[in-house]
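Peer 1: Here it is: the structure, laid out below.
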């Protein structure tokens, strides 16, 4: 009977040992498979395109000085008409032109500085603005600003509050093709990486689209814009 029990115990132990070995192998194989699934490569794809601006915002600012307030206001109104007529004769539509309220300063009423150092007591400024999709006409007319000087309007130089702006508003039309191009560029980089590492490219693990940016191509051509987007994609790698 003791021999029988010994044999049964030996068989049971053998099965247990085999089971543990098999379980260990399966667990080990599972970890290897899981680790293989986690192998991936993250790449970025760039898409850039140059486009012409389709909106121009052109402020024309001038200043007037006088000792009499009424004369100052009349001078501003007269010069506003001169600028308006100049723009109409240059080919702009009336609906594209707006005239801001004048800004007037009484130098003697200011609580600082010496008003006597100024030749005139009052100083005023006005801005006539053009908002148009005819960018080419704006660029052409800017070169004729000297004509306003001949008509008695001294136009102020461009500064932070009187600077010509060029905008591009057609981004939605570009998005599909640019996203496709960025994605294709990213995949090409990923395929090259996979080939170099003796692997094959699998499915996309994750993807994120970067923010579209619109900037001037350079400081000398603000009417030409550079649109840019970078997409980030992560692919699985397969041995």
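Peer 1: Among the numbered criteria (1) touching a strand residue (DSSP E or B) at 6+ places or on another chain (Cβ under 7 Å); (2) within 30 Å of residue 54 (Cβ to Cβ); (3) surrounded by 13 or more Cβ atoms within 10 Å (Cβ to Cβ), which single criterion is violated by residue 208?
Peer 2: It is condition (3) that residue 208 fails.
Peer 1: Before we move on, is residue 122 touching a strand residue (DSSP E or B) at 6+ places or on another chain (Cβ under 9 Å) and more than 14 Å from residue 57 (Cβ to Cβ)?
Peer 2: Values: touching a strand residue (DSSP E or B) at 6+ places or on another chain (Cβ under 9 Å): yes; more than 14 Å from residue 57 (Cβ to Cβ): yes.
Judged against the criteria, residue 122 is a match.
Peer 1: Given the structure, is residue 68 in contact with a strand residue (DSSP E or B) (Cβ under 8 Å, 6 or more places away or on another chain), assigned by TED's automatic domain parsing to the domain that holds residue 146 and at pLDDT below 95? Lay out the reasoning, then the answer.
Peer 2: Working: in contact with a strand residue (DSSP E or B) (Cβ under 8 Å, 6 or more places away or on another chain): yes; assigned by TED's automatic domain parsing to the domain that holds residue 146: yes; at pLDDT below 95: yes.
Here the answer is yes, as residue 68 does meet what is asked.
Peer 1: Something else now. Return yes or no: is residue 100 touching a residue at least 12 places away in the same chain (Cβ under 8 Å), surrounded by fewer than 16 Cβ atoms within 10 Å (Cβ to Cβ), within 30 Å of residue 52 (Cβ to Cβ) and touching a helix residue (DSSP H, G or I) at 6+ places or on another chain (Cβ under 7 Å)?
Peer 2: Values: touching a residue at least 12 places away in the same chain (Cβ under 8 Å): yes; surrounded by fewer than 16 Cβ atoms within 10 Å (Cβ to Cβ): yes; within 30 Å of residue 52 (Cβ to Cβ): yes; touching a helix residue (DSSP H, G or I) at 6+ places or on another chain (Cβ under 7 Å): no.
In short, no.
Peer 1: I would also like to ask the following. What do you reckon, is residue 135 closer than 24 Å to residue 224 by Cβ, outside the structural domain of residue 217 (by TED's automatic domain parsing) and surrounded by 13 or more Cβ atoms within 10 Å (Cβ to Cβ)?
Peer 2: yes
Peer 1: Is it fair to say residue 81 is out of contact with any strand residue (DSSP E or B) (no Cβ under 8 Å at 6 or more places or on another chain) and outside the structural domain of residue 207 (by TED's automatic domain parsing)?
Peer 2: yes
The values are calculated or read from the model by the stated rules, or taken from the named source; none is laboratory data. Please read these numbers as outputs of a predicted model, since none were measured by experiment. Cβ coordinates were reconstructed from backbone atoms using ideal geometry, including for glycine residues, and neighbour counts include every protein chain displayed.
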